[in-house]
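The values are calculated or read from the model by the stated rules, or taken from the named source; none is laboratory data. None of the values given here were measured: they were computed from a predicted structure. For accessibility, only protein heavy atoms count, side chains too; no ligands or nucleic acids. Shrake-Rupley method; radii C 1.70, N 1.55, O 1.52, S 1.80 Å.
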Amino acid sequence: MYHERDRETLIVIKPDAVRGSDSDVVSRFEDVGMKIMGMKMVRRGSAARGHYSEHVDKEFYDRLVEYMKQGPVVAMALEGVNAVENCRKIIGDTNPKDANPSTIRGRYGHMSFAHADGSDSTHQNLVHASATPEEAEKEVGIWFEDDELHDYRIGSEEHVR
Ligand code: UDP
Ligand code: MG
C-alpha cells in the first residue's frame with residue numbers, strides 16, 4: 001500500500017564518493033525517476049553532527065563525523081513514491097562487503113567494516129540515505145533551507161502522480 005508520508009528522503013554523497021563516483025551516484029536515483037528537489041555541495045561538520053545525532057553515544061561517532069569532514073559532501077533531497085524505502089534499496093547494505101553488487105555501496109565499494117577496524121580506518125560506504133520517513137523529515141531540515149527546495153515537474157511525473 002502506498003504511503004503518502006514516505007514521499008521524500010535525504011541522500012548525502014559522502015567524501016569518498018565525491019572523489020570520482022558522484023555523478024554516477026546521482027544518476028542512480030534519477031534513473032529510477034526520483035526527482036531532485038534540492039542539491040548542493042557543502043563542507044559543514046556541524047551538519048554532520050546533527051545528522052548523525054542518533055549515533056552520538058556510539059564508539060564510532062567521532063570517527064564517523066571526522067570521515068564526513070574529510071572533504072565536501074553532496075546533499076540531495078529527493079522526492080518519489082516510497083522514497084525512503086526505494087533509496088535504501090538503491091544504496092544497499094551498510095557494510096559494502098555485504099552490499100549487493102547492483103547497489104551503490106556494492107558497486108562502488110568492497111571494503112568490510114572488520115577490515116577497516118583492523119587497519120584503523122573509518123567505515124567508508126559512499127552514501128547516506130534516510131532510514132525512515134521521520135529521519136528523512138529531520139535530515140532534509142538539517143541540510144536544506146525551505147527556499148533551497150524546488151517545485152517543478154520531471155518527465156516521470158507524467159506517469160507517476
Ligand atoms: N558506521 C561506522 N561504524 C559502525 C557502524 C556504522 O563507522 O560500526 C558508519 C557508517 O559509515 C554508516 C554510518 O556510520 O553508514 C551510520 O550508521 P547506520 O547504522 O545508521 O547505517 P546506515 O543508515 O548508513 O546504513
Ligand atoms: Mg542510518
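Per Stokes-Einstein, at 37 °C and 0.692 mPa s, what whole-number D in µm² s⁻¹ belongs to the range 43-89, with the Kirkwood radius over Cα pairs as the hydrodynamic radius?
In µm²/s, the coefficient is 269.
Under 16 Å between alpha carbons, and skipping anything fewer than 8 positions from LYS97 in its own chain: which lysines qualify?
Candidates past the 8-residue exclusion: LYS89.
Keeping all protein chains in the complex and leaving out DNA, RNA and ligands, what accessible area do you get for ASP147 with a 1.4 Å probe, in Å² to the nearest 10?
120 Å²
At a probe size of 1.4 Å, how large is the accessible area of LEU10, to the nearest 10 Å²?
Estimated to the nearest 10 Å², LEU10 gives 0 Å².
Let a ≥ b ≥ c be the square roots of the eigenvalues of the Cα gyration tensor of the range 43-123; is it rounded (a/c under 1.5), or, if not, prolate (a/b larger than b/c) or oblate?
oblate
Rg (Å, one decimal) plus Dmax (Å, integer) for the alpha carbons of the chain?
Gyration radius and largest Cα-Cα distance of the chain: 15.4, 50 Å.
So for the range 109-161, what are the equivalent ellipsoid semi-axes in whole Å, largest first, each being the square root of 5 times an eigenvalue of the Cα gyration tensor?
34, 16, 11
Assuming 0.890 mPa s and 25 °C, estimate D for the range 68-161 with Stokes-Einstein, Rh taken as the Kirkwood radius over Cα pairs, in µm²/s.
161 µm²/s
When the accessible area of the chain is split by element with a 1.4 Å probe, what percent falls to carbon and sulfur?
49 percent
Add -39500 (n - 2.57) for each DSSP H run of 4 or more in the chain, then divide by its residues: what number comes out at 222 nm, to the nearest 500 deg cm²/dmol?
Value at 222 nm, helices only, nearest 500: -9500 deg cm²/dmol.
With every protein chain present, what is the per residue accessible area of the chain (1.4 Å probe, Å²)?
Spelled out: the 1.4 Å probe surface of the chain, per residue, equals 54 Å².
On average, how much area does the Cα convex hull of the range 81-123 cover when viewed from any direction, in nm²?
It is 3.0 nm².
Hey, what angle do you get for helix 133-143 against the long axis of the chain, alpha-carbon based, 0 to 90 degrees rounded to 10?
The two axes meet at around 80 degrees.
May I ask you to list the aspartates and glutamates whose Cα is less than 16 Å away from that of LYS14, ignoring any residue fewer than eight positions away on the same chain?
Partners within reach: ASP22, ASP24, ASP62, GLU66, ASP93, GLU139.
When the convex hull of the C-alpha atoms of the range 1-59 is computed, what volume per residue in Å³ does it have?
In the range 1-59, the Cα hull volume divided by residue count equals 144 Å³.
Working with all protein chains in place, sort SER21, SER46 by solvent-accessible area computed with a 1.4 Å probe, largest first.
Accessible-area ranking of SER21, SER46, largest first: SER46, SER21.
Measure out, as a whole number of angstrom, how far apart the alpha-carbon centroids of the range 49-123 and the range 3-31 sit.
Using only Cα atoms to place each centre, the spacing works out to 12 Å.
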